[in-house]
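Student: Structure in structure tokens, see below.
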Amino acid sequence: MNTEFLINDVDVAELRAFREMAAQDASKADRNPVLTAHWVGGSRSRVEFGDKVAHLGGDDDFNSMQMVLAALAACDVDLVAMHASFLGIPIESLSVEATGHFNVRSYLGLEGAPGAGYDRIAYTVRIVAPGATPEQIAYLAERCERSSPVGDSLARAIPLKLAFEASG
């Protein structure tokens, strides 16, 4: 990491080089992660991605629906910090608060219930960046609306394909 070009702990030179490479060859920006969740017991899962492990559910960790909001909030923290760094804007503080509503009747198997997922999500980005102009702040807000991978995923229908394999 070249500390000469660090803004907000983002290596701007390295990120600009990657952005240029992706502009020249779109396939360089492709991602296709594969994660596996294993039942631990009760409502708790161990999620693996390569050598990374996280736990969801149970009494001590985020549940899956909370993690959806956490993923949105964390994605936009990353997005705003990166674009603020591209603009040369130091950040004093940055947070994203996300809230959503869903009803668990369908999850519980009750007939006639609405879908089990979120029916609405709202989030607020709060940034303290004393040197930023109103135009730069508007640009950062636009990036959240147009460039957030998690936000984009939540805002549109994504085809899901289920394979259910059982053995006895």
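Just so it is clear, none of the values below were taken in a lab; they were calculated from the coordinates. None of the values given here were measured: they were computed from a predicted structure. Quick reminder, even Gly has a Cβ in these numbers, built from the backbone with ideal geometry, and neighbours come from all protein chains shown.
Student: Starting at the first residue of the range 60-66, write each ³J(HN,Hα) from the Karplus equation 6.51 cos²θ - 1.76 cosθ + 1.60 with θ = phi - 60°, in whole Hz, x for Gly and Pro.
Tutor: Couplings: 10, 10, 4, 8, 4, 5, 5 Hz.
Student: Full extension from Arg44 to Ala113: what is 0.36 nm times the residue separation minus their Cα-Cα distance, to one decimal in nm?
Tutor: Contour length minus the Cα-Cα distance gives 22.4 nm.
Student: Enumerate the amide H contacts of Asn8 below 5 Å, restricted to partners 5 or more residues apart or on another chain; note that Pro and chain-start residues carry no placed amide H.
Tutor: Ile91
Student: Taking H placed 1.01 Å from N in the peptide plane, check which residues at least 5 places from Arg44 or on another chain put their amide H under 5 Å from its amide H.
Tutor: Gly58
Student: Using helices alone, what [θ] at 222 nm do you get for the chain, with -39,500 (n - 2.57) per DSSP H run of 4 or more residues, divided over all residues and rounded to the nearest 500? Before the final figure, lay out each step's value.
Tutor: Working: 4 runs with 57 residues, N = 168.
Computed ellipticity for the chain at 222 nm equals -11000 deg cm²/dmol.
Student: When N counts the residues of the range 63-168, how does its alpha-carbon radius of gyration compare numerically with 2.2 N^0.38 Å, as a ratio?
Tutor: Relative to the rule-of-thumb radius for its length, the range 63-168 sits at 1.38.
Student: I need Asp11, Asp152 ordered by Cβ neighbour count within 10 Å, fewest first.
Tutor: Asp152, Asp11
Student: Given the C-alpha centroids of the range 5-77 and the range 123-148, what is the distance between them in whole angstrom?
Tutor: About 21 Å separates the Cα centre of the range 5-77 from the one of the range 123-148.
Student: Using the Karplus equation 6.51 cos²θ - 1.76 cosθ + 1.60 (θ = phi - 60°), what ³J(HN,Hα) coupling, rounded to whole Hz, does each residue of the range 16-27 give in order, writing x for Gly and Pro?
Tutor: Those phi angles translate into 5, 5, 5, 4, 5, 4, 5, 5, 7, 9, 4, 5 Hz.
Student: Turning to a different aspect of this structure: Given points 7 Å out from each Cα along the Cα-Cβ axis, report the Val34 to Ser167 separation in nanometres with one decimal.
Tutor: Distance between label points: 1.7 nm.
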